[in-house]
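Just below is one structure, and these are the notes that go with it.
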Amino acid sequence: MPPRSAIRATESRPRARCESGGVHYLDHAATTDLRPEAAEEWLRVARQTGNASSTHGAGQRARRILEESRERLAAVLGCDPIEVVLTSGGTESVNLAVQGLWRSRFSGRESILLPDGEHHATLDTVAALAAEGARVVPVALDGVGRIPADAFAAGLATDGVALATALVANNEVGTVNDAAALAASARSASVPLHLDAVAAFGHLPLSFAALRGDAPAGAGLVALSVAGHKIGAPTGTGALVVARTAHLAPLQHGGGQQRGLRSGTQDVAGAAAFALAAELAVAERAAEAVRLSALRDRLVAGIRERVPSAELIGHPDPAGRLPGNAHLLFPGAPSESLLFLLDVAGVSASAGSACQAGIAEPSHVVQALGRSEVEARSVIRFTLGRTSSDADVDAVLAAIGDAYERASGAAR
Amino acid sequence: MSGGVDSAVAAARAVEAGHDVVGVHLALSRAGGTLRTGSRGCCTIEDAMDARRAADLLGIPFYVWDFSERFREDVIDDFVAEYRAGRTPNPCLRCNEKIKFAALLERAMELGFDAVCTGHYATLVDGEGGLELHRASDAAKDQSYVLGVLNAEQLAHTYFPLGSTPSKALVRAEAAERGLSVAQKPDSHDICFIPDGDTRGWLAEKVGAEQGEILDRGGNVVGTHDGAHAFTVGQRRGLRLGVPAPDGKPRFVLEVRPVSNTVVVGPKEALAIAEISGERRSWAGAAPAAEEFVCEVQIRAHADPVPARAFVAEDAVRVVPDEPLDGVAPGQSAVLYVGTRVLGQFTIDRTVSAVPVGV
């Protein structure tokens with residue numbers, strides 16, 4: 001029998017992939033371009049053999065680069081070099097801080113103060129500790145995604161809080177918290193605080209020493225997480241700033257490097273690249289904030305013009321959110337469909353976290369803002385970064401109207 | 001792309017045929033397993049990864065789309081409801097009818113696609129009167145039965161590249177040749193949402209296991225059971241009968257009555273069915289012009305088709321097989337064939353025994 005010939009084509013199709021002549025990347029919060037200087041520095045240092053723990057000449061040379069990198073990071077982060085513990089990234093830093101503080105807690109303290117909407121590295125770590133007996137004291141976010149300072153303070157005052165953790169700025173909706181107020185509250189309550197600065201570092205002014213102040217040991221800000229790949233350093237670099245007086249149990253045991261807090265052969269090339277990237281990021285921070293905010297504001301305004309029902313999620317005031325973060329709700333349009341159509345149009349964006357199988361899960365952060373699960377599945381996060389330009393904004397604006405129309409028609 | 005070898009090769013052929021292909025893995029369960037442990041179950045994270053790697057090899061975009069809610073409503077809940085009602089559902093059929101070639105197809109069309117392509121073993125042919133669905137070349141692998149529930153509009157937007165391949169072994173060989181890592185991956189069978197294969201146990205949890213009576217056709221109690229849902233018409237195993245049959249021969253389930261939580265048993269001869277009928281039907285193309293015609297009917301995915309006469313009326317489709325059929329369970333789909341062509345199907349509501357009651 002004759003094989004079936006042509007499949008009947010539908011009448012219309014969305015814009016072909018990359019018609020605009022290239023991919024427009026608006027997912028800088030997920031990861032951003034490796035800075036060329038950081039790449040060069042990494043390669044230069046990586047080619048020099050030496051274990052920084054060895055006592056011979058080669059080891060000493062590697063050690064010198066490592067410790068210089070640590071000093072440079074400390075200068076950028078506003079802490080002492082000894083307080084910089086190099087890790088493999090944000091997730092490890094968060095795990096080390098939360099688990100570490102928990103395992104060295106004062107006896108009798110059995111709760112963890114956990115705001116809603118934290119990153120999964122924090123949520124899942126706390127969940128694991130809860131399974132071991134930790135009691136979770138939640139703090140609800142307000143409608144724009146901020147951790148309310150009074151609610152945080154009230155939570156700290158409950159009985160037996162062993163540690164508190166909080167985002168400096170929310171990685172999904174971009175809302176900036178009052179880190180100074182949170183740190184001050186923790187200090188007053190004599191509770192150790194971990195701040196997750198993974199999304200904030202390089203975009204907001206940040207000083208560990210300023211936030212810690214002269215808090216006594218074990219109180220106030222004691223740990224701060226940052227990640228390299230978010231600021232243009234290689235993936236696999238990061239740090240946890242740990243106050244010199246902090247009590248923190250290590251996750252990883254072995255050679256005792258880094259105050260015994262994080263054993264393991266140290267990534268000298270990574271440290272060098274991370275230090276350089278951090279310096280560059282912080283040096284351009286203020287100017288970039290202005291530039292990215294302007295691009296972002298044009299993006300948001302343009303989207304709302306083309307999709308009047310689209311709603312900006314998070315802080316409405318540009319100054320209250322991370323520059324470059326545009327998080328929007330598109331009523332009636334599933335994120336899955338929108339992301340696909342944007343991808344076809346050469347625009348890369350995201351929507352909450354993806355599970356290991358690759359499904360876009362309904363954003364827990366959006367739900368923490370009081371939205372429904374359906375709404376939490378109809379959001380898109382656009383984030384601009386160092387390499388973003390007007391062309392990227394234009395590409396989104398050219399695609400979003402058609403994408404919304406199709407996606408809301410395909411909604412089931 | 002399920003992560004299996006069939007959909008991987010289907011995708012490869014679609015790409016080779018010059019189509020603009022995007023691979024989609026359907027997330028049908030929220031509580032999916034991580035690793036594929038054996039040939040039961042489907043759509044674990046490992047399966048999603050296998051599908052992704054196949055897409056990578058073929059150079060096509062890959063997405064995972066969440067249809068778990070629709071799947072739960074249209075397939076899983078329906079499965080439970082049918083057993084509760086004493087019927088025997090076919091969830092794979094329901095999935096094709098409601099998810100793969102409905103919910104997914106609808107979304108695909110809205111997003112600008114022209115067709116859903118799968119690794120099903122079936123063939124689409126341009127016939128005189130339009131598009132026709134036919135059996136696959138490999139009779140052992142033919143899956144036209146579970147596709148019998150598709151209508152003309154759905155078929156117009158489907159594509160089955162594997163239908164013409166004479167054997168599954170050749171598909172595997174092709175996969176190996178193409179460098180697809182899933183070439184030797186075992187086929188999944190049984191029900192995808194019951195990974196350990198224990199349908200009975202799974203149903204007991206959902207429907208509840210309530211002890212009830214087993215009756216003979218005269219209404220006499222001949223045993224007890226732990227839940228009527230565990231039984232299907234034609235079943236012989238699992239019957240705890242305290243009273244042996246007068247003729248000493250094995251007894252089979254004739255009927256499941258969920259309302260009274262009873263199961264009726266009888267001799268093999270009593271399983272013989274002279275006529276099947278049902279109201280809900282679909283045609284794989286134009287509805288048949290004649291009200292009465294000769295055809296073949298197949299009542300299970302792995303049953304042989306048998307010659308029969310079909311009568312199509314507005315209120316029901318009736319089929320009278322030339323020889324009585326054994327063990328027909330209400331809820332199953334009766335797919336009608338003319339030669340290798342699928343005409344359509346109906347869901348069996350009623351059966352008429354070939355043997356008068358009381359014998």
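The helices (runs of 4 or more DSSP H) falling completely within segment A:320-384 that include 1 or more residues that are away from chain B (no Cβ under 13 Å) and under 21 Å from A:Arg406 (Cβ atoms) map to A:373-376. Residues in segment A:239-273 that are touching a residue at least 60 places away in the same chain (Cβ under 8 Å) and at positive phi were compared, and the one that is surrounded by the fewest Cβ atoms within 10 Å (Cβ to Cβ) is A:Arg259.
For segment A:188-216, the candidate set comprises residues that are over 12 Å from the mean Cα position of the chain (by Cα) and surrounded by 22 or more Cβ atoms within 10 Å (Cβ to Cβ); within that set, the residue that is farthest from A:Gly238 (Cα to Cα) is A:Val191. Scanning segment A:385-412 for residues that are assigned to a helix (DSSP H, G or I), within 14 Å of chain B (Cβ to nearest Cβ) and of a type in the set (Gly, Ala, Ser) yields a count of 5. Once segment A:1-37 is narrowed to residues that are aliphatic (A, V, I, L, M) and out of contact with any strand residue (DSSP E or B) (no Cβ under 9 Å at 6 or more places or on another chain), the residue that is modelled with the highest pLDDT is A:Leu34. Taking the stated definitions as given, is B:Ala122 in contact (Cβ under 8 Å) with a residue 24 or more places away in the chain and either closer than 23 Å to B:Pro305 by Cα or buried (at least 22 other Cβ atoms within 10 Å of the Cβ) (or both)? Against the criterion (in contact (Cβ under 8 Å) with a residue 24 or more places away in the chain and either closer than 23 Å to B:Pro305 by Cα or buried (at least 22 other Cβ atoms within 10 Å of the Cβ) (or both)), B:Ala122 qualifies. Being among the small types (Gly, Ala, Ser) and either in contact (Cβ under 8 Å) with a residue 60 or more places away in the chain or in contact with a strand residue (DSSP E or B) (Cβ under 7 Å, 6 or more places away or on another chain) (or both) is the requirement here; does B:Ala108 meet it? It is true that B:Ala108 is among the small types (Gly, Ala, Ser) and either in contact (Cβ under 8 Å) with a residue 60 or more places away in the chain or in contact with a strand residue (DSSP E or B) (Cβ under 7 Å, 6 or more places away or on another chain) (or both). Scanning segment A:379-400 for residues that are within 16 Å of A:Leu329 (Cβ to Cβ) and more than 21 Å from the chain's Cα centre (by Cα) returns A:Val396, A:Ile400.
Just to check your reading of the model, which residue among B:Gly179, B:Gly148, B:Gly197 is within 27 Å of B:Gly59 (Cα to Cα) and touching a residue at least 24 places away in the same chain (Cβ under 8 Å)? Selected residue: B:Gly179, the only one of B:Gly179, B:Gly148, B:Gly197 that is within 27 Å of B:Gly59 (Cα to Cα) and touching a residue at least 24 places away in the same chain (Cβ under 8 Å).
Once segment B:255-276 is narrowed to residues that are closer than 17 Å to B:Glu82 by Cα and under 25 Å from the mean Cα position of the chain (by Cα), the residue that is surrounded by the most Cβ atoms within 10 Å (Cβ to Cβ) is B:Val263. Residues that are of a type outside the set (A, V, I, L, M, F, W, C) and more than 14 Å from chain A (Cβ to nearest Cβ) within segment B:87-99 comprise B:Arg87, B:Thr88, B:Pro89, B:Asn90, B:Pro91, B:Arg94, B:Asn96, B:Glu97, listed in sequence order.
The values are calculated or read from the model by the stated rules, or taken from the named source; none is laboratory data. A quick note: this is a predicted structure, and the numbers were derived from the prediction, not measured. Note: ideal-geometry Cβ built from the backbone for every residue, glycine included; neighbour counts use all protein chains shown.
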